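The structure appears below as structure tokens.
The values are calculated or read from the model by the stated rules, or taken from the named source; none is laboratory data. On a predicted model such as this, the values are computed, not experimentally measured, just so you know. We place every Cβ from the backbone using ideal geometry, glycine too, and count neighbours over all the protein chains shown. Quick note on the areas: whole protein, heavy atoms, side chains included, nothing else; ligands and nucleic acids left out. Shrake-Rupley method; radii C 1.70, N 1.55, O 1.52, S 1.80 Å.
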Amino acid sequence: MDNEYSIEVEQLSFPLSSILQEIGYGQVTPKDEIRLLIETLFNEVRQVVHPSCLFQILNGEIEGEKVILENGATFHVGKILSRLLQGADQFALFTATVGNEFQKYRKEVAQENLLHDFIIDTIGSCLVEAVGDKMETFLEQETAPKRHTHRFSPGYCGWPLTDQKTLFRLLNGKPCGIILSEECLMLPEKSISGIIGIGTQVNEKAYGCRYCEMDTCYKRKRRKK
Amino acid sequence: MTDLENLYLAILNGNLEMAENITAEAVKEQIAPQLIIQEYMAKAMHETGKRFEAGEAFVPELLMSARAMKGALDILKPLMVGEGTKGMGKVVIGTVKGDLHDIGKNLVAFMLEGCGFDVINLGVNISSDKFVEAVKEHKAQIVCLSALLTTTMNYMKTIIQALEESGLRKQVKIMIGGAPVTEAFAAQIGADGYSENANAAVALAQRLIAG
């Protein structure tokens with residue numbers, strides 16, 4: 001059974017400081033003109049979006065580098081993620097999105113203005129991660145006292161993007177109104193999907209560069225800076 | 001008489017209106033476009049780039065400076081026709097097939113334009129055939145390939161092979177960029193260079209054109 005939630009932006013941990021930080025203004029204060037622009041776009045986005053998330057919990061097991069679910073569906077998660085999911089006997093398949101209104105707003109406001117587009121894109125990226133975090137709190141209410149892993153998505157850590165097709169099929173095709181393109185990318189673009197391992201034995205802290213051998217990971221590149 | 005130091009400051013501070021006004025005044029005073037570009041505009045962009053690399057400026061500042069530079073350049077361009085001056089070079093840019101991410105690619109395109117390159121932005125989800133056609137049609141000197149996913153970055157190699165098979169590889173330099181891409185990956189697939197951000201992409205393009 002799918003658990004779907006509509007979310008009010010006020011429910012999210014989504015401060016302006018997270019956007020400034022993401023753009024790079026950790027130690028440096030942006031000049032007034034830029035700060036005002038970021039603040040205006042941030043407030044406008046908050047007013048127009050209707051985020052939502054959904055998850056479905058299924059029993060399953062890890063076999064080699066695959067996750068095999070009770071219904072026979074298989075995810076080819078690969079070496080890295082199968083290790084990080086060790087100990088899970090249930091799996092939450094999830095999606096989370098900022099919603100279609102964000103896409104419309106971006107199209108209207110950012111048209112022909114790359115600075116606006118860049119800022120709105122950053123706001124969307126931070127927002128969808130905040131929606132993902134909220135989804136995890138809903139999941140915890142459902143699965144406590146069991147523990148859960150971080151969320152993992154096709155296309156990362158060696159998990160083929162094509163497994164999105166299986167994921168979306170199991171979530172009834174258009175979860176939270178998200179459409180999967182032929183290339184297995186999601187529309188609205190600011191959406192996330194994937195699985196979370198659940199169990200009494202899972203290591204919820206196990207994530208990060210020391211667990212992963214992927215040289216091409218963008219997170220590893222950022223840490224090297 | 002126009003104080004071109006203010007043009008330098010206008011571009012450095014990303015003030016489009018001021019940059020356009022001062023440039024228009026300089027044109028009226030018949031100051032040579034090459035002097036305006038080389039001594040003031042390019043130096044301002046260089047300083048913005050330096051601040052970006054030092055973590056003192058970020059993408060918004062880069063974009064605002066590039067926008068001011070582009071506005072000023074647009075005023076000078078008509079005067080440079082027939083002067084024996086050339087643009088920085090022609091660039092074909094696109095996000096590779098299977099990938100719909102465009103913001104990073106657009107940042108690079110905008111910065112290149114701001115720094116005087118002619119940019120043909122093909123968009124996202126671009127096949128090797130389309131890259132080959134565009135290089136032929138526009139006689140590009142540089143091809144920029146962008147990918148955000150580990151699953152789509154390998155298509156960059158397909159594009160390089162297609163350029164080789166069509167006999168165009170020797171006439172273009174190939175630059176790659178995107179979150180999962182590295183210098184080592186660029187070498188592995190036979191690209192001419194990799195850049196980590198839009199500012200570095202401009203510097204790399206300038207180096208590649210200079211040979």
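Miscellaneous remarks
- Each residue in segment A:47-70 was checked for being closer than 16 Å to A:Ala88 by Cα and polar (S, T, N, Q), and 2 pass.
- Flag if A:Arg35 is without any contact (Cβ under 8 Å) to a residue 40 or more places away in the chain, closer than 16 Å to B:Pro60 by Cα and assigned to a helix (DSSP H, G or I): yes
- Residue check for B:Lys139: touching a residue at least 40 places away in the same chain (Cβ under 8 Å) and either out of contact with any Phe, Trp or Tyr (no Cβ under 9 Å at 6 or more places or on another chain) or surrounded by fewer than 20 Cβ atoms within 10 Å (Cβ to Cβ) (or both): yes
- Inspection of segment A:198-221 identifies no residue that is at pLDDT 95 or above, in a loop (DSSP other than H, G, I, E, B) and at negative phi.
- Helices (runs of 4 or more DSSP H) lying entirely in segment B:100-211 (those with 1 or more residues that are more than 12 Å from chain A (Cβ to nearest Cβ) and over 30 Å from A:Lys107 (Cα atoms)): B:128-138, B:155-165, B:183-189, B:198-210
- Criterion applied to B:Phe110, B:Phe117, B:Phe131 was being touching a Leu at 6+ places or on another chain (Cβ under 9 Å), of a type in the set (Phe, Trp, Tyr) and touching a residue at least 60 places away in the same chain (Cβ under 8 Å), and the one residue passing it is B:Phe110.
- Residue selected from segment A:138-165 under the condition in a helix (DSSP H, G or I) and open to solvent by less than 50 Å² (accessible area, probe 1.4 Å), by the criterion farthest from the other protein chains (Cβ to nearest Cβ): A:Thr143
- Residue in segment A:55-72 that is open to solvent by less than 10 Å² (accessible area, probe 1.4 Å), within 14 Å of chain B (Cβ to nearest Cβ) and of a type in the set (A, V, I, L, M) present: no
- The lone exception for B:Ala26 - which of (1) buried (at least 18 other Cβ atoms within 10 Å of the Cβ); (2) more than 20 Å from the chain's Cα centre (by Cα); (3) more than 14 Å from chain A (Cβ to nearest Cβ); (4) touching a residue at least 40 places away in the same chain (Cβ under 8 Å) it fails: (4)
- Yes/no for B:Val181 being of a type in the set (Val, Ile, Thr) and within 17 Å of A:Gly155 (Cα to Cα): yes
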